[in-house]
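The values are calculated or read from the model by the stated rules, or taken from the named source; none is laboratory data. These figures come from a predicted structure and were not determined experimentally. Glycine gets a Cβ as well: all are built from the backbone with ideal geometry, and neighbour counts include every protein chain shown. Only protein heavy atoms, including side chains, enter the accessible area calculation; ligands, DNA and RNA are left aside. Shrake-Rupley method; radii C 1.70, N 1.55, O 1.52, S 1.80 Å.
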Amino acid sequence: MATTPYAFTRGVDYPSIVATSEKVAWTVDAIFRDRRFDATKRIVPDSWVRTQHLAFLTPQDQRTLNHIRAFSYVHLFGNYEEFIPLHLMEIAQQDWHDDRAHLRALLRFGEEEMKHQQLMLRAEAVLEASCGYAFGRYFDPPKERVTVFTKAVLAYPPLPRFLLLAAFEWGSQRHYVESVRDHPGEGSDPLYVDLLQYHWMEENQHTKTDVLEIERVARDMSPEELSAAFDDIQGLGGVVDATFVGQVEHELTTFQRVTGRQLAEAEATALHEALCQSMRAIWAEVALTHPNFKQVALELSKEGAAKLGIV
Ligand SMILES: [Fe+2]
Ligand SMILES: [Fe+2]
């Protein structure tokens with residue numbers, strides 16, 4: 001095996017990624033069976049919503065916001081993942097006769113993301129059936145917005161795309177491990193916990209492929225090019241942030257429609273602010289502050305990492 005200047009790929013190889021992927025594989029039907037979410041309780045941890053300090057909201061309002069956020073999470077995730085198979089196929093097409101395990105890892109990764117999209121779509125439908133109302137969607141059914149989003153992400157070079165992807169995938173592991181598994185008393189919905197857990201099991205392999213691909217792409221880049229990749233991550237961050245804000249608008253509309261509440265202007269502003277903050281916290285902060293992402297960023301480029309506040 002070729003030597004690598006990067007510690008973050010130590011102990012990681014394509015054959016074991018493929019072997020684990022085959023071992024842990026699941027189906028969407030096996031997770032859901034005929035189960036529903038329990039709409040009489042919270043579905044996700046309060047830390048995903050962070051509106052508890054707003055005194056004008058009743059306990060019933062807080063629960064509705066919790067369900068709305070549970071929906072937003074699967075809605076955004078399913079759509080974010082649409083760019084991944086395209087991104088990976090572009091890499092695979094560079095050499096169809098490359099190492100078998102390498103190509104299988106890329107293709108399985110792509111197929112698993114297609115399955116995750118199906119998982120998230122199923123969760124959207126089951127959440128609506130369980131709660132008894134429709135939730136607002138930033139990504140419209142004709143797929144115009146997801147097409148624009150996917151093109152915007154794919155317009156960036158492979159390295160920042162892989163870095164963003166790895167950050168999100170490590171972040172998604174935290175959603176399960178830190179928000180749910182380590183806090184069983186918080187009362188997240190059992191079906192939702194299963195969804196996060198099964199997603200997490202496959203994302204574990206994806207982050208390993210990510211670091212191997214990051215190493216492969218970074219190998220031939222100059223320190224200046226590596227530093228510039230972090231400017232691109234900031235650009236990609238802006239693309240993603242616009243979707244947070246867009247989905248929060250739908251959260252507010254859904255909240256007012258479902259509860260029949262007409263919020264005063266100051267209340268609506270405070271709720272909007274709180275929802276935007278928690279949206280950024282559960283996606284961007286958990287991703288960019290993940291210890292593995294910090295390690296990769298620092299090893300690639302200290303100058304670049306500093307642009308993201310990683311020192
Ligand atoms: Fe996924
Ligand atoms: Fe993934």
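Between Q262 and N292, the modelled labels are 5.0 nm apart [label points 7 Å from Cα along Cα→Cβ]. Site pair E285 and Q60 shows an inter-label distance of 3.1 nm when each label is modelled 7 Å from Cα along Cα→Cβ.
In this Cβ point-charge picture (+1 for Lys and Arg, -1 for Asp and Glu), segment 109-156 has a dipole of about 120 debye about its Cα centre.
Remark: segment 198-203, residue by residue, has Karplus-estimated 3J(HN,Hα) of 5, 4, 4, 4, 8, 4 Hz, where x stands for each Gly or Pro and the curve is 6.51 cos²θ - 1.76 cosθ + 1.60 at θ = phi - 60°. With 0.36 nm allotted per residue and the present C-alpha distance subtracted, the A25-Y133 stretch has 35.7 nm of extension available. Using a 1.4 angstrom probe, figure out how much accessible area segment 104-239 has per residue, in square angstrom, rounded to the nearest whole. Ligands and nucleic acids excluded, the result is 39 Å² per residue. Accessible area of M221 (1.4 Å probe, protein heavy atoms only, ligands and nucleic acids ignored): about 50 Å².
Rounded to the nearest 20 debye, the dipole size of the chain about its Cα centre is 620 debye, using +1 on the Cβ of Lys and Arg and -1 on the Cβ of Asp and Glu. A dipole drawn for the chain from +1 and -1 charges on Cβ atoms has a positive end, and of V240, L275, A228 the residue lying farthest that way is L275. Which shape class applies to segment 1-50: rounded if a/c is under 1.5, otherwise prolate when a/b exceeds b/c and oblate if not, where a ≥ b ≥ c are the square roots of the Cα gyration tensor eigenvalues? It comes out oblate by the Cα gyration axes. Here the label points at V177 and D220, each 7 Å from Cα along the C-beta direction, are separated by 3.3 nm in the simple model.
Of the residues L103, I17, A92, the one whose Cα sits farthest towards the positive end of the charge dipole of segment 1-130 is I17 (charges of +1 on Lys and Arg Cβ, -1 on Asp and Glu Cβ, taken about the Cα centre).
Measuring nothing but protein heavy atoms, the accessible surface of segment 163-299 at 1.4 Å probe radius is 53 percent carbon and sulfur.
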